[in-house]
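See below for the structure under consideration.
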Amino acid sequence: MKVIAVIPARYESSRFPGKPLTDIAGKPMIQRIYEQVSLCRDIDDVLIATDDGRIFDAAVSFGARAVMTSPECTSGTDRVAQASRDLPVGAVINVQGDQVVLDRVALSEVARELKSGCPMVTVATPASPDEYGDPNCVKVVCDLRGYALYFSRAPIPSSRSGLSIQPLKHIGIYGYAMDTLQSFTCLEPTPLEVTESLEQLRALENGIPIKVIIASGEYLEINTPEDKERVLASWRES
């Protein structure tokens, strides 16, 4: 089975306009993400999907394969589905365009799970105490086989007598079997999805199982100019 990664990238962002092209230690952010994903041997190809000519031109300039998608795409998932729809591949991994540091070992595990027949796969890492209580940090709880039971912005599992398990922070990397991806984007938003503002709950509410890979490597995500400065400061200090 051929597995590709697609990095959705849009120029317009309410919190950080032009984010994919912002300079991160001498390279556009989108280039840093593309180069990391390209090093994953279990991924057969990497695409950048965008609706903006500036991002397309930048991607081509550093040797990436880029595709233009419709500005009508309402989410990164829709953009990934459109970019990959006619490609001869069996599975697609959606890598967020703001993951400036990611765990390539976990990314390989996502690809291998897809090749083994999982319809949908994602990633989680241990959550710190601060992240556990932060509604901007999405948590996930899993069953004994490693499949997601629920995702929430609330602190889950709720503890009445002290936590007996390590809470998990969800990382926004998703792998889909191609037929799962295309059918998922045709589904209507679901009640829990709307309530929590979490797209992955649409899959669970429609009975699509999601395997969760527990990663031990580092992840750094940039959503705002302040995030960028914190990342660059940490790199200068290391």
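Report every pair of residues separated by at least 6 positions or lying on different chains whose Cβ atoms are under 8 Å apart, first residue within the stretch 18-34 and touching a residue at least 12 places away in the same chain (Cβ under 8 Å) and at positive phi, second of a type outside the set (Phe, Trp, Tyr) and surrounded by 24 or more Cβ atoms within 10 Å (Cβ to Cβ).
Qualifying pairs under 8 Å: none.
Within the group Val6, Val60, which residue is free of Cβ contacts under 8 Å to residues at least 24 places away in the same chain and aliphatic (A, V, I, L, M)?
Val60
Kindly provide the set of residues from the stretch 5-26 that are part of a strand (DSSP E or B) and exposed (fewer than 15 other Cβ atoms within 10 Å of the Cβ), ordered by number. If you could, list the steps in order and put the result at the bottom.
Start the filter on the stretch 5-26 by keeping residues that are part of a strand (DSSP E or B), which leaves 5-9, 23-24.
Selection gives Asp23 alone.
Out of all the residues in the stretch 81-109, which are farther than 20 Å from Ile30 by Cβ and β-branched (Val, Ile, Thr)?
The answer is Val89, Val105.
State all residues of the stretch 163-202 that are within 24 Å of Leu144 (Cβ to Cβ), surrounded by 15 or more Cβ atoms within 10 Å (Cβ to Cβ), of a type in the set (S, T, N, Q) and out of contact with any Pro (no Cβ under 8 Å at 6 or more places or on another chain); if no residue qualifies, say none.
The one that is within 24 Å of Leu144 (Cβ to Cβ), surrounded by 15 or more Cβ atoms within 10 Å (Cβ to Cβ), of a type in the set (S, T, N, Q) and out of contact with any Pro (no Cβ under 8 Å at 6 or more places or on another chain): Gln200.
Quick one: count up the residues across the stretch 93-130 that are under 11 Å from the mean Cα position of the chain (by Cα) and not hydrophobic (A, V, I, L, M, F, W, C).
Residues of the stretch 93-130 that are under 11 Å from the mean Cα position of the chain (by Cα), as a first pass: 93-99, 102, 107, 121-124.
Restricting the remaining residues to those that are not hydrophobic (A, V, I, L, M, F, W, C) gives 94, 96-99, 122.
Number satisfying all stated conditions: 6.
Residues of the stretch 136-162 being hydroxyl-bearing (Ser, Thr, Tyr), free of Cβ contacts under 8 Å to residues at least 60 places away in the same chain and surrounded by fewer than 16 Cβ atoms within 10 Å (Cβ to Cβ), which ones?
Across the stretch 136-162, the qualifying residues are Ser158, Ser159, Ser161.
Out of the residues in the stretch 203-226 that are acidic (Asp, Glu) and touching a residue at least 24 places away in the same chain (Cβ under 8 Å), state the one that is surrounded by the most Cβ atoms within 10 Å (Cβ to Cβ).
Here the residue is Glu221.
Every read-out reported here was derived from the displayed coordinates using simple, explicitly stated rules and does not represent laboratory data. Since the model is a prediction, treat every value here as computed from it, not as a measurement. Counting neighbours? That spans all protein chains shown, and the Cβs are built from the backbone with ideal geometry, glycine included.
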